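Student: Before I ask anything, let me first share the structure, which is written out below as structure tokens.
The values are calculated or read from the model by the stated rules, or taken from the named source; none is laboratory data. This one's a predicted model, so the numbers in the text were calculated from it and none came from an experiment. Quick reminder, even Gly has a Cβ in these numbers, built from the backbone with ideal geometry, and neighbours come from all protein chains shown. Remember, those area values only see protein heavy atoms, side chains included, never the ligands or the DNA or RNA. Shrake-Rupley method; radii C 1.70, N 1.55, O 1.52, S 1.80 Å.
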Amino acid sequence: MAAPDLLAALVAALALAAPAAPAPGSIEGLSASDAKAAAPAPPFRIADNLYYVGSRETAVYLITGGDGLILLDGGFEAMAPQVLANVEALGFDPARIRLLINSQAHFDHAGGLAAIKARTGAAMAASAEDAALLARGGRGDFAWGDKLPYPAVKADRIVQHGETVKLGDIRLTARLTPGHSKGCTTWQLRTGDRGKAYDALFLCGTSAPGYRLAGNPLYPRIAEDFRRSFATWRALPCDIFLGAHGSYYGIDAKRAALAAGAARNPFVDPEGCRAHIDGAEQTFERQLREQQAAGPR
């Protein structure tokens, strides 16, 4: 399969795609579209102890507590300095990052983890399937093979479905929602805003961009896993709707509304969360039907 432009895939499929060749103006060898997705963006506060420290499109989150900080995802490899600078810009010391967690072991979300881990000394937690892919630096992926490598990083802790990771007063619960990656992990956080308590949900990835869903010898259970994941997402509370890419949840409009002093936090969007899950499930089922109708490759 020819490698499509990544940004086009993000816009069209809200998903990962193989990169195009590097182009003039790229960031440290990234293609022009990847560089656009990794372009710096100002960090900001989403809720009480929850902050956005990612790029223009590639999401990275900071959760703060009295005993240290937790970082969810690391962005592209080239984003690591940017992520740490965003943490500092918010007034936090990156050295206080005690735990790294990952949503999906793809190059645009895990590429910066090795550098951040080396800089901070933080421990890292990941699901078993994605921990194996992280340790291989993205090589041997069921969909992308060795096309999208990144610096390998070792998980210090393997998390199971429903397991809670704790750092002082911070509690994050892992929900294994495989399909987009074999160990794709959706994270739950109980947080607050303006005196109200909310459940924040970080969707790891709901799409199957170019994936073989029927008769995949490298991932025979992929369709079954996706269906189980959609059932899991539907059962989870989702007040603050977040995800691995800002375009999942309309980050630009919501950030602008928040900065303008919106009366209600725009990131509190359970309706948008359910609509995203519905749309992704419909797309998945259509892809699966089309592949089944086409027969074996």
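Student: Only one of the values (1) 18.5, 62; (2) 17.9, 56; (3) 21.6, 61 was calculated from this structure for Rg and Dmax of the Cα atoms in Å; name its label.
Tutor: (2)
Student: In addition: Would you please classify the overall shape of the range 144-205 from the alpha carbon gyration tensor, given that a ≥ b ≥ c denote the square roots of the eigenvalues, rounded means a/c under 1.5, and beyond that prolate means a/b larger than b/c while oblate covers the rest?
Tutor: prolate
Student: Further question: Just the number please: accessible area per residue for the range 197-297, 1.4 Å probe, all protein chains included, in Å².
Tutor: Result: 44 Å² per residue.
Student: Using the structure shown, select from 117/254; 36/154; 117/196; 166/196 the pairs with a Cα to Cα distance greater than 26 angstrom.
Tutor: Beyond 26 Å between Cα atoms: 117/254; 36/154; 117/196.
Student: Something else: Summing Lys, Arg as +1 and Asp, Glu as -1, what charge do residues with Cβ under 13 Å from the Cβ of residue 58 carry, residue 58 excluded?
Tutor: Net of charged neighbours comes to -3.
Student: Which whole-number percentage describes the relative contact order of the chain, with Cα contacts under 8 Å and a sequence gap of 6 or more?
Tutor: It rounds to 14 percent for the chain.
Student: What percent does the relative contact order of the range 99-242 come to when contacts are Cα pairs within less than 8 Å and at least six residues apart?
Tutor: 21 percent
Student: Something else: Where in the range 114-147 does the label zone of residue 156 land, with the point 7 angstrom along Cα→C-beta and an amide N cut-off under 17 Å?
Tutor: Answer for the range 114-147: 114-127, 131, 135.
Student: Sort the range 145-297 into rounded, prolate or oblate with this rule: let a ≥ b ≥ c be the square roots of the eigenvalues of the Cα gyration tensor; rounded if a/c is under 1.5, and if a/c is not under 1.5, prolate when a/b is larger than b/c, oblate otherwise.
Tutor: Since a/c reaches 1.5 and a/b is larger than b/c, the shape of the range 145-297 is classed as prolate.
Student: Identify all lysines with a Cα-Cα distance to residue 147 below 18 Å; exclude those on the same chain that are fewer than 8 residues away in sequence.
Tutor: Cross-link targets: 182.
Student: Find the relative contact order for the range 146-198 and round it to a whole percent, using C-alpha pairs within less than 8 Å whose residues are 6+ positions apart.
Tutor: Rounded, it is 21 percent for the range 146-198.
Student: Residue by residue through the range 284-296, what is 3J(HN,Hα) from phi via Karplus (6.51 cos²θ - 1.76 cosθ + 1.60, θ = phi - 60°)? Round to whole Hz and write x for glycine and proline.
Tutor: Running phi through 6.51 cos²θ - 1.76 cosθ + 1.60 with θ = phi - 60° gives 4, 5, 5, 4, 5, 4, 5, 5, 5, 5, 6, x, x Hz.
Student: Turning to a different aspect of this structure: No solvent, one uniform scatterer per C-alpha: report log10 I(q)/I(0) for the range 213-297 via the Debye equation at q = 0.22, 0.26 1/Å, two decimals.
Tutor: Log10 of I(q)/I(0), two decimals: -1.04, -1.24.
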